[in-house]
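K.L.:
I have a structure I would like to understand better, so I am pasting it below and will then ask my questions one at a time.
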Amino acid sequence: MIYIDRSIYIQQILLGKRKKTKLIYNNRILYRDNIAKRSYLCLQHQQLGNESHDLKGTTANESKSKPASQPAAATTTAQQKVSQQPPQKIRDRVSQPEKEPKTAAATVAAASIMPLFGKSQKSPVELVKSLKEAINALESGDRKVEKAQEDCSKNLVSIKNMLYGSSDTEPPADYVVAQLSQELYNSNLLLLLIQNLHRIDFEGKKHVALIFNNVLRRQIGTRSPTVEYICTKPEILFTLMGGYEDAHPEIALNSGTMLRECARYEALAKIMLHSDEFFKFFRYVEVSTFDIASDAFSTFKELLTRHKLLCAEFLDANYDKFFSAHYQRLLNSENYVTRRQSLKLLGELLLDRHNFTVMTRYISEPENLKLMMNMLKEKSRNIQFEAFHVFKVFVANPNKPKPILDILLRNQTKLVDFLTNFHTDRSEDEQFNDEKAYLIKQIKELKPLPEA
Amino acid sequence: MFSNNISDYKLNSTIKAGTFGTVYKANYLNSNKCVVIKQISVEQQADKVTRICEDVLKCRQFKHTNINSLLHCFVDKNYVYMVFPFVCFGNCQTLLENVFTSGFPEILIALIFKDIMSALVYIHSHHFIHGSLRAKSILLDRNKAILSNFRDSRSFINQGKRDQVLYGSTVGKAENLNWTAPEILYQNLSGYTEKSDLYSIGITSYEMANGFQPFLDSELTFMCTEKIRGNLPSLSDKSSQGLSSVNYSREAVPSAMNNQRTFSDDFHQYMEICLNKNPTCRWSAHKLMTHSFFKQCRNSSILDQLKGLNFDLQSCTYIKDEPLRAASANVKHLEDVKWCF
């Protein structure tokens, strides 16, 4: 018999040759056999699981506060587990907010006693287990694909409802989420789901994204356990980034929502930025399928602008590869939307003060100036306008290198004329007009460098 | 799968040419499938382009037989093309203006709303609100009604959590205000839920039965106070003949026909349930599906009814077969300026 809680414990009785298990709650026998057995297994699993941070923490708490009063209650294995608590668990316990500790068994008991989750009475453990089986069946592609598909959708709906609450139930208690996430980590199901996203049906894909986003946001104090988990399994991120590949266009948008959620966390954004997969985005944002390209672009933009210091560091270290090799191609893209969006993003990146070193480098290269001057006279007025916002940085630079200065001087009068007639109808945009006047003044006053 | 090249589509006729974009009836040459193509210029301000992206992503959220699906979407030159399936009778507002000028027959309304309700159950079960239900958002195909226009739809799911109520203003939705539920008009702290869609359903039923929208010519404040007081617009039939209540209409519907017909008690009751000013008392879409108003749908279908009315594709001539005007690119050419590098 293992002691778990003041009121709940599981008894194992040997009845003849058959092993019977019962779950005892407040001195009443609630369940024999299967259900009690499952909760017992679940508890054992929790104790043995090597990554179960928070639940183990609470169990440890329980075990420590009570062992003296119930010394005979704990089996030797359980005691060993207790004595082997690594220091990390104590840290977890400290970081966890003070609240009623709920044990794994209590959760299971609650789930089994009351049909909390609508029709389904499955506990998180069972749900995760049967979803995993369904996914494996889908992956192996047996003849029972349809059955697997159906099981898969059913379990995904149950898990989603468990996390979000269905339309007539409240969102769930923390411990249900805790146990569910724990199971998801231990079973490696997140990766499995993402790898098989294209095999899951339309609604299922959306549910995967919803489940993922909810679990990702999970917090214990200042820690985000799911983020920590994904850091140890970066394949999840790489697989998600591969979701934009042409092979399965139907999963692109679902992968996109999950990726943007991940990009909110600096640790995950760092892994993504520094991966080889990141440079594939230059291809993804350029496809002519509008929805996929614009989704990919918003992810791309999120990665490059969300965490300023991280991005500045990244752009600085990868300047040549990023700007000369790849970004240049976006600016010359056939795709109008891509060209315009990337030009706008370029302006934002250069004008961000975190990216100062990158900007200085960019505006000292004459090739870039030429490109912007050509874009100033593009057909599209919006591209002209965005190009203006990059072009102004070249002119406003107080220490123009010689090649830049030469180009500007060579075109001095043309530029003054051009800018004077440039977008004259934007009379209500004060900032634009001020900047334009400033640029004209600067260009007029340009003087060649004194001969050294 | 559809191709990303506009030359693979044969544009037949213009269905609508608005400020937002042009809608064409077209054939996809590779499969000879009849589709509707919406052509939107992206040579617009940045925030409008963002809005287009959002709209497209919203269209991609749903897959249901009674929801208009976006088949494909691609960029070609300065335009975004959105490909939708062709729905033969177009939207119900156009039908009301051109064919059913004094309203749809009751049985057709029941059939249409049965389809719309099943779409609504689907949307609500995914924690979304449609937000702009009106006859214009309902398309009628040969054998089913289709819900479209998800531009104003909103989700309860926000940052990985589900909100219980939504808050929001009605700014920029002026054209839909007549259909808007009172709890949205309040804009107070208790917010609104998916029940607000049911109120819009009620107003839309009224619109479909009488042939015009309520509060058409009234002041916004009048419309608002009437809704808040719970003064319901009523169906105009025999029972409303004696009543001298305000009819919220442009010419008080003098047509003798309107006063001779009778709408069933079920229909009247159904309208009252939808237009309940207290959202908690309003039925959910799921429950409303079981209302006895929809009983009459049992032995009938939209196809049968339309046949019975001698209403077929040929009589639907309001889709003008105008010659296509060439997409004009009136952009000033600045290529004459030559930089010397």
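The values are calculated or read from the model by the stated rules, or taken from the named source; none is laboratory data. Quantities reported herein were computed from a predicted structural model and do not represent experimental measurements. All Cβ positions, glycine included, derive from the backbone under ideal geometry; neighbour counts span all protein chains shown. These area figures cover heavy atoms from the full protein model, side chains too; ligands, DNA and RNA do not enter into them. Shrake-Rupley method; radii C 1.70, N 1.55, O 1.52, S 1.80 Å.
K.L.:
Name the residue that is nearest to the other protein chains (Cβ to nearest Cβ), counting only residues in segment B:54-77 that are without any contact (Cβ under 8 Å) to a residue 12 or more places away in the chain and not in a loop (DSSP other than H, G, I, E, B).
P.N.:
Only one residue fits best here, namely B:Leu57.
K.L.:
Now, a different point. Inside segment B:91-115, can you point out the residues that are open to solvent by 20 Å² or more (accessible area, probe 1.4 Å) and either within 14 Å of chain A (Cβ to nearest Cβ) or closer than 30 Å to B:Gln44 by Cβ (or both)?
P.N.:
Listed by number, the residues that qualify are B:Asn91, B:Gln93, B:Thr94, B:Glu97.
K.L.:
Moving on. State yes or no: is A:Thr222 among the polar types (S, T, N, Q), free of Cβ contacts under 8 Å to residues at least 40 places away in the same chain, surrounded by fewer than 22 Cβ atoms within 10 Å (Cβ to Cβ) and over 30 Å from B:Tyr122 (Cβ atoms)?
P.N.:
Numbers: among the polar types (S, T, N, Q): yes; free of Cβ contacts under 8 Å to residues at least 40 places away in the same chain: no; surrounded by fewer than 22 Cβ atoms within 10 Å (Cβ to Cβ): yes; over 30 Å from B:Tyr122 (Cβ atoms): yes.
When the stated conditions are applied, A:Thr222 does not pass them.
K.L.:
So, restricting to helices (runs of 4 or more DSSP H) that lie completely within segment B:139-242, which ones have at least 1 residues that are within 14 Å of chain A (Cβ to nearest Cβ)?
P.N.:
Details: elements: B:182-186, B:195-210, B:220-229.
So the answer is B:195-210.
K.L.:
Pairs needed: first member in segment A:339-363, within 25 Å of A:Tyr284 (Cα to Cα); second member anywhere, open to solvent by 30 Å² or more (accessible area, probe 1.4 Å) and of a type in the set (D, E, K, R); C-beta distance under 6 Å; at least 6 residues apart or different chains.
P.N.:
Hits for this filter: A:Leu345/A:Lys301; A:Val358/A:Asp316.
K.L.:
Restricting attention to helices (runs of 4 or more DSSP H) lying wholly within segment A:254-363, give those where 1 or more residues are within 17 Å of A:Thr239 (Cα to Cα).
P.N.:
Values: elements: A:266-273, A:281-284, A:290-305, A:308-317, A:328-331, A:336-351, A:356-362.
Those helices (runs of 4 or more DSSP H) span A:266-273, A:281-284, A:290-305.
K.L.:
Is it the case, given these coordinates, that B:Thr22 is open to solvent by 10 Å² or more (accessible area, probe 1.4 Å) and assigned by TED's automatic domain parsing to the domain that holds B:Met208? Give the derivation first.
P.N.:
On the way: open to solvent by 10 Å² or more (accessible area, probe 1.4 Å): yes; assigned by TED's automatic domain parsing to the domain that holds B:Met208: no.
It is false that B:Thr22 is open to solvent by 10 Å² or more (accessible area, probe 1.4 Å) and assigned by TED's automatic domain parsing to the domain that holds B:Met208.
K.L.:
Working carefully through the options A:Pro234, A:Pro249, find the one that is of a type outside the set (Lys, Arg) and in contact with a strand residue (DSSP E or B) (Cβ under 7 Å, 6 or more places away or on another chain). Outline the logic, then answer.
P.N.:
Values: A:Pro234 fails: in contact with a strand residue (DSSP E or B) (Cβ under 7 Å, 6 or more places away or on another chain).
Step by step, each of A:Pro234, A:Pro249 is checked, and only A:Pro249 is of a type outside the set (Lys, Arg) and in contact with a strand residue (DSSP E or B) (Cβ under 7 Å, 6 or more places away or on another chain).
K.L.:
B:Ser118 fails exactly one of the following numbered conditions: (1) assigned to a strand (DSSP E or B); (2) away from chain A (no Cβ under 12 Å). What is the number of that condition?
P.N.:
Only one criterion in (1) assigned to a strand (DSSP E or B); (2) away from chain A (no Cβ under 12 Å) is unmet by B:Ser118, namely (1).
K.L.:
Report yes if B:Lys38 is part of a strand (DSSP E or B), open to solvent by 30 Å² or more (accessible area, probe 1.4 Å) and modelled with pLDDT of 85 or more, otherwise no. Break it down into steps so the answer makes sense when it comes.
P.N.:
Working: part of a strand (DSSP E or B): yes; open to solvent by 30 Å² or more (accessible area, probe 1.4 Å): yes; modelled with pLDDT of 85 or more: yes.
Yes, satisfied.
K.L.:
Kindly indicate the residue of segment A:261-292 that is within 11 Å of chain B (Cβ to nearest Cβ) and open to solvent by 10 Å² or more (accessible area, probe 1.4 Å) and also nearest to B:Lys58 (Cα to Cα) among those meeting that condition. Step through it out loud before you land on a result.
P.N.:
Looking only at segment A:261-292, we keep the residues that are within 11 Å of chain B (Cβ to nearest Cβ), and these are A:261, A:264, A:286-292.
Still in the list and also open to solvent by 10 Å² or more (accessible area, probe 1.4 Å): A:261, A:264, A:286-289, A:292.
On the way: A:Glu261: 18, A:Arg264: 22, A:Glu286: 21, A:Val287: 20, A:Ser288: 19, A:Thr289: 16, A:Ile292: 13 Å.
Filtering segment A:261-292 for residues that are within 11 Å of chain B (Cβ to nearest Cβ) and open to solvent by 10 Å² or more (accessible area, probe 1.4 Å), the one nearest to B:Lys58 (Cα to Cα) comes out as A:Ile292.
K.L.:
Among the listed residues A:Leu131, A:Leu156, which satisfies the condition of being within 14 Å of another protein chain (Cβ to nearest Cβ), open to solvent by less than 10 Å² (accessible area, probe 1.4 Å) and at pLDDT 90 or above? If you could, list the steps in order and put the result at the bottom.
P.N.:
Details: A:Leu131 fails: within 14 Å of another protein chain (Cβ to nearest Cβ).
Being within 14 Å of another protein chain (Cβ to nearest Cβ), open to solvent by less than 10 Å² (accessible area, probe 1.4 Å) and at pLDDT 90 or above holds for just one of A:Leu131, A:Leu156, which is A:Leu156.
K.L.:
Looking at (1) within 11 Å of another protein chain (Cβ to nearest Cβ); (2) open to solvent by less than 40 Å² (accessible area, probe 1.4 Å); (3) within 30 Å of A:Thr289 (Cβ to Cβ), which is the only condition A:Lys344 fails?
P.N.:
(2)
K.L.:
Determine the pairs where a residue that is under 16 Å from B:Arg154 (Cβ atoms), located within segment B:106-126, has a partner that is of a type in the set (A, V, I, L, M) and at pLDDT below 90 with Cβ atoms under 9 Å apart, the partner being 6 or more residues away or on another chain.
P.N.:
B:His126/B:Ile157
K.L.:
Another question, then. Scan segment A:348-400 for residues that are more than 24 Å from A:Pro450 (Cα to Cα), more than 14 Å from chain B (Cβ to nearest Cβ) and polar (S, T, N, Q) and jot them down.
P.N.:
Across segment A:348-400, the qualifying residues are A:Asn355, A:Thr357.
K.L.:
Of all residues in segment A:194-219, count the ones that are open to solvent by 50 Å² or more (accessible area, probe 1.4 Å) and hydrophobic (A, V, I, L, M, F, W, C).
P.N.:
Residues meeting the conditions: 1.
K.L.:
Out of (1) open to solvent by less than 50 Å² (accessible area, probe 1.4 Å); (2) under 24 Å from B:Asp47 (Cα atoms); (3) touching a His at 6+ places or on another chain (Cβ under 9 Å); (4) more than 14 Å from chain B (Cβ to nearest Cβ), the odd one out for A:Lys308 is which?
P.N.:
Condition not satisfied by A:Lys308: (1).
K.L.:
Within segment B:49-61, can one find any residue that is under 14 Å from B:Phe84 (Cα atoms) and touching a strand residue (DSSP E or B) at 6+ places or on another chain (Cβ under 8 Å)?
P.N.:
Yes, some residue in segment B:49-61 is under 14 Å from B:Phe84 (Cα atoms) and touching a strand residue (DSSP E or B) at 6+ places or on another chain (Cβ under 8 Å).
K.L.:
Within segment A:311-322, track down each residue that is open to solvent by 10 Å² or more (accessible area, probe 1.4 Å) and either farther than 19 Å from A:Leu371 by Cβ or not charged (D, E, K, R) (or both). Steps first, answer last, please.
P.N.:
Taking segment A:311-322 and keeping what is open to solvent by 10 Å² or more (accessible area, probe 1.4 Å), we get A:312-313, A:316-318, A:320-321.
Correct list: A:Ala312, A:Glu313, A:Asp316, A:Ala317, A:Asn318.
K.L.:
Same structure, new question: Failed condition for A:Arg339, given (1) over 26 Å from A:Lys308 (Cβ atoms); (2) touching a Ser or Thr at 6+ places or on another chain (Cβ under 7 Å), with all others met?
P.N.:
(1)
K.L.:
Another question about this same structure. Scan segment A:397-415 and give yes if some residue there is out of contact with any Ser or Thr (no Cβ under 6 Å at 6 or more places or on another chain) and farther than 23 Å from A:Pro366 by Cβ, otherwise no.
P.N.:
Residues of segment A:397-415 that are out of contact with any Ser or Thr (no Cβ under 6 Å at 6 or more places or on another chain), as a first pass: A:397-400, A:402-415.
From the residues that got through so far, the ones that are farther than 23 Å from A:Pro366 by Cβ too are none.
Looking for residues that are out of contact with any Ser or Thr (no Cβ under 6 Å at 6 or more places or on another chain) and farther than 23 Å from A:Pro366 by Cβ, one finds none in segment A:397-415, hence no.
K.L.:
So which residues in segment A:376-404 are among the hydrophobic types (A, V, I, L, M, F, W, C) and over 23 Å from A:Phe356 (Cα atoms)?
P.N.:
Start the filter on segment A:376-404 by keeping residues that are among the hydrophobic types (A, V, I, L, M, F, W, C), which leaves A:376, A:383, A:385, A:387-388, A:390-391, A:393-396, A:404.
The answer is A:Leu376, A:Ile383.
K.L.:
While we're on this one: Taking the criterion of being within 13 Å of chain B (Cβ to nearest Cβ), open to solvent by 10 Å² or more (accessible area, probe 1.4 Å) and farther than 24 Å from A:Tyr175 by Cβ, would at least one residue in segment A:226-246 satisfy it?
P.N.:
Yes, the conditions are met somewhere in segment A:226-246.
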